[in-house]
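Okay, so here's the structure we're looking at.
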Amino acid sequence: MSVAKPQTDAPLLRVSGLKKAYGAIQAVGGVSFEVRPGEIFGVIGPNGSGKTTLFNSVLGQITPDEGRIELQGRDITGLSPRALNHLGVGRTFQTLQVFGKMTVRDNLIVAAQEHHGTLLSRLFAPADSGLSDKADALIDLFRIRHVADKKAGELSYGQQKLVDIAMAFMSEPALVLLDEPCAGVNPSLVGGISTLLKDLNRRQGGSFVVIEHNMDFVMDLCHRILVMVEGQVMAVGTPDEIRANKQVLDAYLGS
Amino acid sequence: MSLNIPAQDVAIEFRNVVAGYGDFMILNRLNMRARRGAITLLIGPNGAGKSTVLKTLFGLLRVREGSVLLEGQDITGAAPKDLLVRHGIAFVPQGRNLFGQLTVHQNLELGGITLGMKTTHERIPEVLRRFPRVQERLHSQASALSGGEQKQLEIARAMLLRPKVLLIDEPSIGLSPLVVADVFRLLRELTAQGTTVLMVEQNVKSALKISDEAIALESGRQVLHKQADELLADPHIERLFLGGAHVAAPAAAGA
Amino acid sequence: MTSSKLAKAGGWVALVLLLAVPPLLKNYGVYLFTYWLVFVIATMGLNLTVGYAGQKSLGHAAFFGIGAYTVAIGLQHGLSFWVGLPLGMTICFVTGLLLGFPALRVQTIYLAFATLGFNTAVWLVMRNEEWLTGGTFGINGITRPTLAGLSLNGPLAYYYLVLAVALVLAGLLWGLLRSPWGKAFTALRDNPIRAESLGIHIQRYTLLAFAIGAAYAGAAGALFACLVEFIEPAPFTAGASIMMYLMVVLGGPGYFLGPVLGSAVGVLLPEWLRFAQGWYLFVFGTAVVLLMLWLPDGLLSIPDRLKARRQAREASVARAAAAAQHPHSQGDRA
Amino acid sequence: MTDFLQLLLSGCATGGIYALAALGFTLLWQASGTINFAQGEFVMLPAFLMLGFGFAGLPLPLAFLATCVLAVAVLGWAFKRGVADPLLRHGLMPVVVATIGLAIALRNGVRAGYSAEAHPFPSLFADRLFTVAGVNVTLADLGTLALALALVLATQAFLNRTVTGRAMQAVAQNTESATVLGINVPRMVFYVFALNALLATAAALLVTPTYLAKFDMGEGLGTKAFFAAIIGGFNNSRGALLGGVIVGVAENLAAAYISPAYKDAVALLLFMVVILFKPEGLMGRKEIRKV
Amino acid sequence: QSVKIANIVELSGAGATAGTNFKNGVELALREINAAGGILGKKIEFSSLDTQSNPGVAKGLTQKAVDDGVFAVMGPVFSGSIMVSMTETQRAEVPNFTGGEAAAITQKGNPYIFRTSFTQTTAMPKVARYIAQGLKAKTVAVIFVNNDFGKGGRDSIAKALAAEGVKVVADISTDSGQVDFSAPVLKAKQANADAIFVYTNEEESARALRELRKQGVNKPIVGETTLTGQKVIELAGDAANGATAHVGLTVDAPNPNMLRFKAKYYQAYGYISDHNGIKGYTGMYVLKAAIEKVGKFDRVAVAKALHGLKLSAAQHPGVLMDVAFDHNGDLDRESYIVEVQGGRQVVKAVLPPLGAVK
Ligand SMILES: Nc1ncnc2c1ncn2[C@@H]1O[C@H](COP(=O)(O)OP(=O)(O)OP(=O)(O)O)[C@@H](O)[C@H]1O
Ligand SMILES: Nc1ncnc2c1ncn2[C@@H]1O[C@H](COP(=O)(O)OP(=O)(O)OP(=O)(O)O)[C@@H](O)[C@H]1O
Ligand SMILES: [Mg+2]
Ligand SMILES: [Mg+2]
């Protein structure tokens, strides 16, 4: 599998000096990095090293104590998750976050409907906002057709995870942040997700930031990887560089 | 089809078990056996019914037909508390299972509620030695922990019980590679002391390495029961049991 | 499929009954039917706020009251009912928007508490500002409207007016719920955090859910004032809000026709139970408990329950078949 | 100044009464995750039971004990079996509505079956009046406040210091996890409601001399207590006391210094401010981290 | 052959105590009447319906009674409800006896509405006269309950006191169901008036009296019927002693008919009736007398006959006291000033009917 090289070097996402503390715990302690357009960027690190906190800060879910976040040169620090979504940033969650009482198909439709028309025009739009086909395509892609009309809350863990990921892709975001997308997902589908991301990346130049503990997945997929330990950046580099980094091996990967 | 386990070595046995949610039967006349003092790995695609097997065994779901046996003794319909207290079964479910508003330490205490406080307090430090990350957060509110920290806490909590039979559902979800290795090592140690482990894992390859036997489930039935090393060596493993046979190259999403 | 057809057929039968039965009733029967429809309108609004959008509101009776007082005070100042009704709805809509703001800060039970407090505050104003609302003496002599020279003063005529308003408002709500808005409301209810990360403007939808629900209550209040021809603060207490909440939950929150049944339980059931004499409210309270025990998701969850059961059975069969056919099923490998 | 102190003290005494009823709300919220809209009626019923035992010739302490037993059976056990067990797993809404129905049934059952009148109720305390620094207080005022304080602290200690108390909270937070840990969920749920019944009976004993035994006494009491519990902190027993006293005192001061007609508005204003800026209540604990 | 009478009253909600008493009084009278052969030889069928203290329900129930062809309607007691329901009885030309005391009820020109007690506008001048002339008070503090009953009373007493040259120096509203009276009592105390007028329902009256005693108020405490009722004395205990009230209807009136009624009521219901019980009971007997006077069951004629009707207790023992109706449907009869002494109401003065004075 060959992966397209990033096209330019101007950063798509730039995070500088990001800090977030909870009382005495410095969850994120001054993290800076850049994600280039068309790049698949990995974030790894031991449990509690601040990866999810980093995501939540970038995505407006929590307010960082310090630091600046830019999207294509524009300051997006402190923007709401909704605003970021409309700027083309999608995400998935580490914990299951689906709409439990809605069917899988409706979960997908509602994931993109706000990107069409105005508030008022949506009042007069068809129920599916014309998104049924797109939803069906993703349902097939994630092989959840047999549960497409079930309530999402009644699916197995892995199935819900897939729904969550599929939702992030419904509105065709330019940048997607995925928090442990493979956790609980069957290995064959892990391969599927990997292929999907590479495909989107190659064909449409989609950029991704992925937190994952599944090293096979990360090493195969990512162009560059950031290693976080105790809220700090330990290393940034290509998979090969990271694999060769003694410090990283000790702190995270094991040998 | 099934490995032959001498009757006196069978720890867990499902006989024609039918169980599910409401009227939706997930397990269809499931027959399955797990060996005493060994790690039996339960694998299968998302939605196969693996978690359902564990929940049924632990008395959380009603057995509609058939029977569940523990060391030859019929435990069909027994309440979780009895299974825990009388039969020494402990269960670490999938997903979040903490008391978010209580502290980490209080969560541990509750984990030992069936042991009495004295024993629990004696065992807590010993268990915490295995999970230093949890130790560091001992007086944090449990919901403040990171995903992986929470999972570690859950496993630690179950270890307090020194179970005779441990049911553990996808322990590797959210755990960093080093911790996964630790947990797997821990499971091996437990079996060395005679504990029977029934584990569900999607992280199949690493899990097979530490398991004794593997059972594959599909649509609520056992489709295979083999020695773990034999399976690991099987060149068709991907295609056959990990859903690989059904993997079509995914089309580009939504485009 | 069949169950939705059944629902449609049921709807038509109900409509025919609503049109044809009241003329056969005496005054009291017509009055009860009208009273019930008024509450159907009010609880339709509450169902949007609580049932669809998941905002725990216990302040609905305040809007009901605002609608009623708007029309009553308007009439005192020579303002026609036909101006008072939309004016009442508008005032409620705006007040609803304002009440929505706390909902942006607090959720779940805390929101319920806040709305309860709001209701009490409105009630205090109704009771104490005698110059405006007549205080505890209430407002007397509220006249029913005329339409194009036609007096709607008679019980039947007024009933048909209320029915017409109810049908129009139901139609509008139906359209709204079928549109993407309906999905957005449900998403908001199920998981606001996820909804926001998907670009759903949860603030806007929350406010709208409150405001639209409030406007419905305002319409109902306006009709209520003219129905009873007298208003005082008592029917608009927090207790009344709690009763409306009860009606929505009993009928089935998040079911379109839930309020129709729920209001029937809340308004008509006590009347049917009058044979129990002094004990009728005891019987009513007990009936509420039993209904909840029988159908925790509301009366209208019955069809859903049956459907879910049928689907579950079908899925079980399919699953069993899949398991049986599986290429690797037991026995084909040594 | 004397007048102010008089109001303050009377307010505290009334606040003690509110606190006793509010304690039931906080207990049920912490330990079963429910809101009981029949909480006021749960105080009213024991009051009548005690009256009944009183008529049957039992002295007050014995009548109280007998009522405790009966209350645990009816408001504890029967409520758990009849309402809590089947409905708890369906979330908050159905339980709330069922308790509203229960409140209607209890209130009107007592009215239709016994009496619509208010009945005097013997006080636990002798009818003694003290004058301290120009402020008049009755023994009952002081006693009620002291007992309210004791009950609140005891409940708080039980919930937070004992394993059983914590297990009860655990069940409320996550029933499935509690099951998995071998916590006897049905028993814990029973304990919660039994404890609630006992507290309600104690509240009835202390509150009814002032409130008078009447079928609808629970309505007013319940509302006040509800507000008190929220102001103090719905998930904290000590909050019930604080909230009760705040409501009692605020009412009095507002009635005297602002406007009697709007005296409830002051407590209400406080209530709104608390909800908007500290929704978990003055002493409540905030829940952290959602994703 | 029988005739129907509907008893539409507050049996639940805020008015439950008053409504239940009224209902019991009506039913007691009806049972006696039926036992004695009915009215004009016809038995009376009666039904009691609960308005839930809600005017909207009261309106519906009145329509129901009218639909059922009742001859007359008894109740409701609450003024708000009667305002609504009496338009229905008027429309159907059905005589309607109410327990409501608000003056406005009989000022609408409705020929079918009749009182069973004084209006506040007739009662309050008597109280004011007692305060001004009996107590020689120059200033009064008024504590009233903030509902239509209390507010109506306050408006009337304020007017009556002004007419007597007495000043209201504190105007203190309380809530129905209020528990803590320390603030109102304190305000009354601070006003330092010559007398305190308390106009609340029975239970609140008891609480107010207790608080007045607790705070050591030693000014005369005056009220209306609800201040010194049997219930208040029972609830307030010693604190009730010394309270004085103008009482239109009281079971403690020095009147053998009344004492007999008190005993019968107690026997039937196990507690002592308040004034609402007397209202219901006498109202029913007034109706009976009017029908018998007309000689047939003719609603319009009976309503007409009631206007200007004078009944003597000697001829009609059921009305308990001599009573006269004016052209508005308001009644007039003697009343009392009572004081609570040693836990009992003691009549200090008998006030003749207004009609007799003029
Ligand atoms: N609460 C529920 N109600 C209804 N159906 C359910 C429920 N939980 C699970 N299911 C269904 O049961 C089937 C098996 O679920 P189960 O959780 O056992 O799968 P699993 O093998 O553990 O999958 P995963 O690897 O994704 O965890 C799935 O098809 C799922 O849709
Ligand atoms: N709301 C909070 N309050 C207090 N501490 C918090 C809070 N959120 C996170 N933390 C702490 O901050 C640290 C970083 O958490 P975070 O969730 O970002 O870790 P992570 O890298 O995503 O870990 P994992 O791989 O386990 O998911 C953890 O030690 C956690 O305990
Ligand atoms: Mg994380
Ligand atoms: Mg699973």
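The values are calculated or read from the model by the stated rules, or taken from the named source; none is laboratory data. Values in this document were obtained by computation on a predicted structure and should not be read as measured data. Note that each Cβ is placed from the backbone with ideal geometry, even for glycine, and that neighbours are counted across all protein chains shown. Accessible surface is based on the protein model in full, side chains and every heavy atom, while ligands, DNA and RNA are left aside. Shrake-Rupley method; radii C 1.70, N 1.55, O 1.52, S 1.80 Å.
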Checklist outcome for this item: Rounded to the nearest 100 Å², the accessible area hidden between C and B, summed over both chains at a 1.4 Å probe radius, is 1600
Next on the checklist: If the reach is capped at under 13 angstrom between alpha carbons, list the aspartates and glutamates near A:K20, excluding any in the same chain fewer than eight residues apart.
Outcome noted: A:D65, A:E66, A:E230
Checklist outcome for this item: On the accessible surface of the protein assembly as shown, probed at 1.4 Å with all protein chains in place, carbon and sulfur together account for a percent value of 58
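So how much accessible surface do B and A hide from each other in total, probe 1.4 Å, in square angstrom to the nearest 100?
Numbers: alone 12360 and 11970 Å², together 21520 Å².
Adding both sides of the contact gives about 2800 Å².
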Item to check | Tilt relative to chain C, helix C:27-46 - C-alpha long axis, 0 to 90 degrees, to 10 | outcome: 60
Item to check | Per-residue average of Cβ from other chains inside 10 Å of B:68-76 | outcome: 0
Checklist entry - Once amide H atoms are placed 1.01 Å from N in the peptide plane, what residues at a sequence separation of 5 or more from E:Q341, or on another chain, have their amide H within under 5 Å of its amide H? => result E:G242, E:V346
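Between beta-carbons, use under 15 Å as the cut-off and find the net charge around D:G40, counting Lys and Arg +1, Asp and Glu -1. Please report the intermediate quantities before stating the final value.
Values: positive: D:R107, D:R111, D:K214, D:K224; negative: D:E41, D:D216, D:E219.
Result for the neighbourhood of D:G40: +1.
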Checklist entry - Do the sum for the protein assembly as shown: with -39,500 (n - 2.57) for every DSSP H run of n ≥ 4, divided by all residues, what is the mean residue ellipticity at 222 nm, to the nearest 500 deg cm²/dmol? => result -16000 deg cm²/dmol
Checklist entry - For the pair B:A7 and A:Q247, how long in nm is the line joining their label points, each one 7 Å along Cα→Cβ? => result 6.3
Checklist outcome for this item: For the protein assembly as shown, the charge dipole (Cβ of Lys, Arg +1; Cβ of Asp, Glu -1; about the Cα centre) points to a positive end, and the Cα of E:G56, C:L223, A:L155 closest to that extreme belongs to E:G56
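Which pairs break 21 Å Cα to Cα here: C:K56/D:K214; E:K59/E:K310; E:K136/E:K189; E:K136/E:K159; B:K50/B:K209; A:K151/B:K81?
Values: C:K56/D:K214 31 Å; E:K59/E:K310 31 Å; E:K136/E:K189 18 Å; E:K136/E:K159 17 Å; B:K50/B:K209 19 Å; A:K151/B:K81 31 Å.
Where the Cα-Cα span goes over 21 Å, the pairs concerned are C:K56/D:K214; E:K59/E:K310; A:K151/B:K81.
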Checklist entry - List for segment B:91-139: residues with 50 Å² or greater reduction in accessible area, all protein chains versus chain alone, probe 1.4 Å? => result B:R96, B:F99, B:Q101, B:L102, B:L110, B:I113, B:R133
Checklist entry - Among C:I66, A:A10, D:G222, whose Cα lies farthest out toward the positive end of the dipole of the protein assembly as shown, if unit charges sit on the beta carbon of Lys, Arg (+1) and Asp, Glu (-1)? => result D:G222
Checklist outcome for this item: Cα gyration tensor of segment B:95-205 diagonalised, 5x eigenvalues square-rooted, in angstrom largest first, produces semi-axes 21, 18, 12
Checklist entry - Using just the C-alpha positions of segment A:16-76 as equal point scatterers, what log10 of I(q)/I(0) does the Debye formula give at each q in 0.12, 0.14, 0.23, 0.24 1/Å? => result -0.29, -0.39, -1.02, -1.09
Next on the checklist: For segment A:102-172, compute the orientation-averaged projected area of the C-alpha convex hull (one quarter of its surface), in nm².
Outcome noted: 4.4
Next on the checklist: Based only on Cα atoms, what mean projected area does the convex hull of segment B:97-161 have, in nm²?
Outcome noted: 3.6
Checklist entry - Which whole-angstrom value gives the distance between the alpha carbon centres of segment B:106-172 and segment D:148-191? => result 19
Checklist entry - Of C:F113, C:T237, C:V317, which is farthest on the positive side of the dipole of segment C:20-323, counting Cα position, with +1 on Lys and Arg Cβ, -1 on Asp and Glu Cβ, and the Cα centre as origin? => result C:V317
Checklist entry - Per residue in segment D:56-94, which ones lose no less than 30 Å² of accessible surface when going from chain alone to all protein chains (1.4 Å probe)? => result D:L87, D:H90, D:M93, D:P94
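Consider all pairwise Cα distances in the protein assembly as shown and report the whole-number % of them above 67 Å. Working shown, then result.
Values: 215208 of 1113778 pairs.
Taking all Cα-Cα pairs of the protein assembly as shown, the fraction more than 67 Å apart is 19 percent.
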Item to check | From the C-alpha gyration tensor of chain D, square roots of 5λ in Å | outcome: 30, 25, 17
Checklist entry - Going by alpha carbons, how many degrees (0 to 90, nearest 10) lie between the helix axis of C:60-76 and the longest principal axis of chain C? => result 30
Next on the checklist: I'd like the per residue volume of the convex hull spanned by the Cα atoms of segment E:252-358, given in cubic angstrom.
Outcome noted: 114
Item to check | Residue mean of other protein chain beta carbons inside 10 Å, C:108-120 | outcome: 6
Checklist outcome for this item: Taking the convex hull of the alpha-carbon atoms of segment E:17-120 and averaging its shadow over every direction gives an area in square nanometres of 6.5
Next on the checklist: Using the Cα centre of the protein assembly as shown as the reference point, and only Cβ charges (+1 on K/R, -1 on D/E), how large is the resulting charge dipole? Debye, rounded to the nearest 20.
Outcome noted: 940
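Are there trypsin sites (Lys or Arg not before Pro) in segment B:22-93 that DSSP puts in a loop and that have at most 12 other Cβ atoms within 10 Å, and which ones? Let's see the in-between values first.
Details: sites: B:R29, B:R33, B:R35, B:R36, B:K50, B:K55, B:R62, B:R64, B:K81, B:R86; in loops: B:R36, B:R62.
Taking segment B:22-93 and a limit of 12 other Cβ atoms within 10 Å, the loop trypsin sites (Lys or Arg not before Pro) found are B:R62.
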Item to check | Mean Cβ neighbour count within 10 Å, used as a protection proxy, ranking B:67-79, E:272-284 highest first | outcome: E:272-284, B:67-79
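Before I look further, what does the protein assembly as shown give for accessible area per residue, probe 1.4 Å, in whole square angstrom?
Solvent-accessible surface per residue comes out at 35 Å².
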Next on the checklist: Using the Karplus curve 6.51 cos²θ - 1.76 cosθ + 1.60 with θ = phi - 60°, what ³J(HN,Hα) values do you get for each residue of segment A:201-208, in whole Hz, with x for Gly and Pro?
Outcome noted: 5, 6, 7, 10, x, x, 10, 9
Next on the checklist: For chain B, take N as its residue count and report Rg(C-alpha) divided by 2.2 N^0.38 Å.
Outcome noted: 1.02
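Residue by residue through D:267-277, how many Cβ atoms from other chains fall within 10 Å of the Cβ on average? If you can, show how the numbers build up before the last one.
On the way: counts 2, 6, 2, 1, 6, 7, 0, 4, 11, 7, 2.
Taking all residues of D:267-277 together, the mean is 4.
From the square roots a ≥ b ≥ c of the eigenvalues of the alpha-carbon gyration tensor of segment C:114-259, which class results: rounded (a/c under 1.5), prolate (a/b over b/c), or oblate? All intermediate terms of the calculation are to be shown ahead of the outcome.
Values: a/c = 2.49, a/b = 1.47, b/c = 1.70.
Because a/c hits 1.5 or more and a/b fails to exceed b/c, segment C:114-259 counts as oblate.
Filter chain D for me: DSSP H helices, axial length by Cα at least 24 angstrom, mean Kyte-Doolittle hydropathy not below -1.0. List them by residue number.
On the way: long enough: D:2-32 (44 Å, 1.10); D:39-55 (25 Å, 1.33); D:92-113 (30 Å, 1.38); D:139-161 (32 Å, 1.37); D:185-211 (38 Å, 1.41); D:237-257 (30 Å, 1.06).
Sorted by number, the helices that extend far enough and score high enough are D:2-32, D:39-55, D:92-113, D:139-161, D:185-211, D:237-257.
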Item to check | Buried accessible area, chains A and C (both chains, 1.4 Å probe, Å² to nearest 100) | outcome: 2500
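Under a point-charge model restricted to the Cβ atoms of Lys and Arg (+1) and Asp and Glu (-1), what is the dipole moment magnitude of segment D:2-217 relative to its Cα centre, in debye to the nearest 20? Show your work: numbers first, answer last.
Details: 10 positive and 8 negative charges, 104 e Å.
For segment D:2-217, the charge dipole is close to 500 debye.
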Item to check | For E:L49, residues with placed amide H under 5 Å, excluding near neighbours | outcome: E:N7, E:I8, E:V9
Item to check | segment C:20-323 - Rg and Dmax from Cα coordinates, angstrom | outcome: 20.3, 76
Checklist entry - In straight Cα distance, which aspartates and glutamates are under 18 Å from B:K118, not counting same-chain residues fewer than 8 positions off? => result B:E109, B:E126
Item to check | Cα-based shape type of segment C:193-334, given that a ≥ b ≥ c are square roots of the gyration tensor eigenvalues and the cut on a/c is 1.5 | outcome: oblate
Checklist outcome for this item: About its Cα centre, segment C:20-323 carries a charge dipole, from +1 on Lys and Arg Cβ atoms and -1 on Asp and Glu Cβ atoms, whose size in debye to the nearest 20 is 960
Item to check | Rounded D (µm²/s) - chain E, Kirkwood Rh over Cα pairs, Stokes-Einstein at 4 °C, 1.567 mPa s | outcome: 64
Next on the checklist: I'd like the residues of segment E:215-230 whose 1.4 Å-probe accessible area shrinks by no less than 20 Å² going from the isolated chain to the full set of protein chains.
Outcome noted: E:Q215
Item to check | Nonlocal amide H pairs with E:V168, under 5 Å, H built at 1.01 Å | outcome: E:V140
Item to check | HN-Hα J in Hz across segment C:221-236 - Karplus 6.51, -1.76, 1.60, θ = phi - 60°, x for Gly and Pro | outcome: x, 4, 5, 5, 4, 6, 6, 7, 6, 7, 9, 9, x, 3, x, 10
